[in-house]
Amino acid sequence: MMAISHVPNTISHVRAHALSPANYKFSINAKTTISSTTTPRFISADPKMEYSGDAVREDSLRVSATPPHSVSAELAMESCPKKEIPNFKELLQEENFYLTTEAGEQGRLPVLLLKLKANSQKRRPAVVFLHSTHKCKEWLRPLLEAYASRDYIAIAIDSRYHGERARNLTTYRDALVSSWKNGDTMPFIFDTAWDLIKLADHLTQREDVDPSRIGITGESLGGMHAWFGAAADTRYSVVVPIIGVQGFRWAIDHDKWQARVDSIKAVFEEARIDLGKSAIDKEVVEKVSLSVALISVSCCLVYYLDKSPMIATKPVWDRIAPGLASEFDSPYTVPAIAPRPLLILNGKEDPRCPLDGLELPRSKSRKVYEEANSVDNFKLVAEEGIGHKMTPLMCIARTHMGDSSTLMLVSANEEYAK
């Protein structure tokens with residue numbers, strides 16, 4: 001278990017997992033405890049998968065199947081294979097509980113956990129599922145039940161300002177605007193990433209969870225949470241972000257920021273008004289006056305709001321998620337997940353996560369995985385003809401216990417073929 005550090009009162013918003021700063025640069029110095037003989041690996045057994053041959057697109061998924069764009073996310077989740085078990089509902093055990101991750105109302109983390117009633121005291125692999133914007137943990141129940149049927153411990157949480165943590169339909173929007181106005185919270189990504197560190201504290205202490213086999217996955221906003229949660233905490237041993245990984249700096253530089261900005265438009269509208277602009281443009285996205293300092297510590301992230309009168313020019317992202325378009329962007333945080341298995345699932349036509357913007361994080365990550373002799377643990381798959389949408393083929397990329405010591409990612413199509 002990792003210990004949470006205590007920091008001086010001048011740091012008002014703590015995200016820490018180590019005792020000393022690391023030269024004000026992003027670093028994850030903790031080493032994974034998985035040995036070379038038990039390192040998780042990917043297995044892709046779907047005969048429909050073909051990979052083309054250049055740069056990012058060498059990992060692009062080409063599938064000849066029923067058009068997935070006609071399938072809703074709910075139906076996509078229902079496609080996740082479920083083991084047929086007589087009296088499954090009677091055997092299913094549900095836990096609803098709360099963890100305290102920090103002081104205040106949003107520090108109360110609602111957790112939903114499903115598992116089969118155990119006939120033994122064995123520790124089981126666990127998978128954490130993270131929902132998209134304006135959804136909640138209960139929305140993920142089809143996935144939780146499917147994984148529980150296969151003897152996983154399946155967990156879902158409500159992200160900040162969602163589900164039980166939302167007072168009304170505009171709670172998340174209001175939190176984003178408040179973050180822009182006051183700079184005292186980080187509701188977009190980092191606050192929930194902190195919750196995931198505290199969730200890992202809980203899971204690794206449970207007697208029914210194997211602490212070396214905890215996977216994490218999520219869709220859209222949940223995919224970003226899975227990405228950053230795993231970058232900050234090595235206890236997540238297998239990582240599958242779905243339509244979440246993107247290059248924020250790349251999008252600004254290549255004028256591809258519009259779709260992502262539209263997903264949380266309210267906060268950018270506030271920035272537009274503050275800058276006296278008639279419309280949201282690149283200047284609104286990139287240049288906002290604020291007073292913020294950013295440091296990092298080994299193993300995790302630490303942020304604090306500088307109380308001095310110094311004013312700096314930073315991207316708007318730095319107000320609601322400091323460093324998101326710089327030190328903590330995908331070219332720096334995605335490689336930090338190595339050598340753990342990482343499967344990035346995106347749509348090839350996704351305007352929020354442009355595939356070209358993933359070339360740099362892909363190439364940097366591949367290099368790190370190669371240096372760790374774990375190149376097979378990294379894969380970026382982009383599904384043909386798909387925009388910002390979770391599909392059945394994305395849902396069937398999943399964690400599966402192959403044997404007592406190896407956690408593997410497989411295509412569920414393999415199981416259909418059995």
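Working carefully through the options L305, L301, find the one that is at pLDDT below 95 and crowded, with 19+ Cβ neighbours inside 10 Å. Before you say what the answer is, go through the steps one by one.
Working: L305 fails: crowded, with 19+ Cβ neighbours inside 10 Å.
So the residue among L305, L301 that is at pLDDT below 95 and crowded, with 19+ Cβ neighbours inside 10 Å is L301.
I'm checking my understanding of the structure. Among residues of the range 238-256 that are out of contact with any strand residue (DSSP E or B) (no Cβ under 9 Å at 6 or more places or on another chain) and among the small types (G, A, S), which one is farthest from G215 (Cα to Cα)?
Our first condition is that a residue be out of contact with any strand residue (DSSP E or B) (no Cβ under 9 Å at 6 or more places or on another chain); within the range 238-256, this holds for 247-256.
Filter again for among the small types (G, A, S), leaving 247, 251.
Numbers: G247: 23, A251: 29 Å.
The qualifying residue farthest from G215 (Cα to Cα) is A251.
Farther than 18 Å from L116 by Cα and among the aliphatic types (A, V, I, L, M): is that true of A146 in this structure? Spell out how you get there, then give the answer.
On the way: farther than 18 Å from L116 by Cα: no; among the aliphatic types (A, V, I, L, M): yes.
When the stated conditions are applied, A146 does not pass them.
Taking the conditions exactly as written (in contact with a Lys or Arg (Cβ under 8 Å, 6 or more places away or on another chain) and crowded, with 18+ Cβ neighbours inside 10 Å), does E270 satisfy them or not?
Values: in contact with a Lys or Arg (Cβ under 8 Å, 6 or more places away or on another chain): yes; crowded, with 18+ Cβ neighbours inside 10 Å: yes.
For E270, the condition - in contact with a Lys or Arg (Cβ under 8 Å, 6 or more places away or on another chain) and crowded, with 18+ Cβ neighbours inside 10 Å - is met.
Checking the condition assigned to a helix (DSSP H, G or I), buried (at least 20 other Cβ atoms within 10 Å of the Cβ) and at pLDDT below 95, which residue from L199, L176, L203 passes? Outline the logic, then answer.
Values: L199 fails: at pLDDT below 95; L203 fails: at pLDDT below 95.
None of the others qualify; the one that does is L176.
Please report, ordered by residue number, the helices (runs of 4 or more DSSP H) entirely within the range 318-418 with at least 1 residues that are within 17 Å of the chain's Cα centre (by Cα) and at pLDDT 90 or above. Before you say what the answer is, go through the steps one by one.
Numbers: elements: 330-333, 359-371, 392-395, 412-417.
So the answer is 330-333, 359-371.
Okay, residues lined up against (1) open to solvent by less than 10 Å² (accessible area, probe 1.4 Å); (2) touching a Pro at 6+ places or on another chain (Cβ under 8 Å):
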position: L113; (1), (2): yes, no
position: K117; (1), (2): no, no
position: K122; (1), (2): no, no
position: V128; (1), (2): yes, no
position: R141; (1), (2): no, no
position: Y152; (1), (2): yes, yes
position: A156; (1), (2): yes, no
position: S159; (1), (2): yes, no
position: E164; (1), (2): no, yes
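The values are calculated or read from the model by the stated rules, or taken from the named source; none is laboratory data. Because the structure is predicted, anything quoted here is derived from the model rather than measured. As a convention, Cβ positions derive from the backbone with ideal geometry for all residues, glycine included, and neighbour counts pool all protein chains shown. Just so you know, the surface numbers come from the protein's heavy atoms only, side chains and all, with ligands and any DNA or RNA stripped out. Shrake-Rupley method; radii C 1.70, N 1.55, O 1.52, S 1.80 Å.
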